[in-house]
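Just below is one structure, and these are the notes that go with it.
The values are calculated or read from the model by the stated rules, or taken from the named source; none is laboratory data. The structure displayed is predicted, hence computed values, not measured ones. Heads up, the Cβs are rebuilt from the backbone with ideal geometry, glycines too, and the neighbour counts pull from every protein chain shown. The area values use the complete protein model at the heavy-atom level, side chains included, leaving out ligands, DNA and RNA. Shrake-Rupley method; radii C 1.70, N 1.55, O 1.52, S 1.80 Å.
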Amino acid sequence: MDKKTANSSGKLTLRTTRLAPGATALSIGLPALLLGSLPLANMAMADDTIMLDTMQVEERTVDTNPYAEPGAPYKAKVSGDSRHVKDIAETPQTMTVLTQTQIQESGRSDLKDILDAQPGITLGTGENGNAFGDRYVIRGHEARSDVFVDGLRDPGMTTRESFAVEQVEITKGPSSTFAGRGSTGGAVNSITKQASSEYDFNKVEAGLGTDNYRRITLDTNQSINDDLAVRANILHGYEEIPDRAPNVKSVTALRYLARTKRRTN
């Protein structure tokens, strides 16, 4: 009885040993089959390859100057006047461009104060009986009639503000090709802020100081659709001139602009 049991155990052990090589061969054969099917899969994927357009992502803030170099708010790349078809660096003219970032960080708001800090420009103080409005003298030549807003002449005897200005372009030297008659010493061109359909924002700035100084500005831009946007700039300012009472400087202004995009077929 014991011998038969031993023989039976021996037979079971032999059968198990015979199955093991087959199991191993099967496990080796599966990866081989999978590897053999890879070229077919690659060929199918190559036929179904879809080429996507290149997408470029740039960091941008809502008050970015569209005329400035990307990432360099102090460096103006192009002029806001369409008559300057080349970049400023390629324009054969002596130009100084002050961006909105420079103007804000300088702490000056009146155009006369902004220009007074520039080399080659002085301010008139009532010579020859002309004491009304701002008088700009560029390279020793009167430039009161050589002031422009978006390329249009603005010869009024007024005190100009920069609340709605994107950048100020100062052209030095004769520039009749750009400014027309006169402009012996140079010209000043203020580029105003433009509406944009790419974003919406509301920006409020306020300032208080001595001599009852107060200044509040509102800059709002609303996009209506992909082709139409509206932008408004509102200013209220008041200040008293020290030791010259009752001389008071007060200004309230509103600028409203609607802009549409032209569709090209």
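In summary, SER190 fulfils each of the numbered conditions (1) more than 22 Å from the chain's Cα centre (by Cα); (2) within 18 Å of LYS112 (Cβ to Cβ) with the single exception of condition (1). Against the test of being among the hydrophobic types (A, V, I, L, M, F, W, C), under 23 Å from GLY209 (Cβ atoms) and open to solvent by 20 Å² or more (accessible area, probe 1.4 Å), the options ALA89, ALA117, ALA72 yield a single qualifying residue, ALA117.
Listed by first and then second residue, the pairs with beta-carbon distance under 7 Å, at least 6 apart or on different chains, first residue in the range 64-77 and touching a residue at least 12 places away in the same chain (Cβ under 8 Å), second part of a strand (DSSP E or B) and open to solvent by 80 Å² or more (accessible area, probe 1.4 Å), are ALA68/LYS75. Taking helices (runs of 4 or more DSSP H) as the structural unit, those lying wholly within the range 1-119 and holding at least 2 residues that are of a type in the set (Gly, Ala, Ser) and at pLDDT below 50 correspond to 2-47.
Scan the range 198-218 for residues that are of a type outside the set (Lys, Arg) and touching a residue at least 40 places away in the same chain (Cβ under 8 Å) and the total you get is 3.
Out of ALA187, ALA195, one residue alone is part of a loop (DSSP other than H, G, I, E, B), open to solvent by less than 20 Å² (accessible area, probe 1.4 Å) and either hydrophobic (A, V, I, L, M, F, W, C) or free of Cβ contacts under 8 Å to residues at least 60 places away in the same chain (or both). It is ALA195. Can you name the residue in the range 198-233 that is part of a strand (DSSP E or B) and acidic (Asp, Glu) and, of all such residues, is least open to solvent (accessible area, probe 1.4 Å)? Filtering first and then ranking leaves ASP219. If you check GLY186, GLY209 for being under 21 Å from THR99 (Cβ atoms) and either hydrophobic (A, V, I, L, M, F, W, C) or in contact with a Lys or Arg (Cβ under 9 Å, 6 or more places away or on another chain) (or both), only one passes: GLY186.
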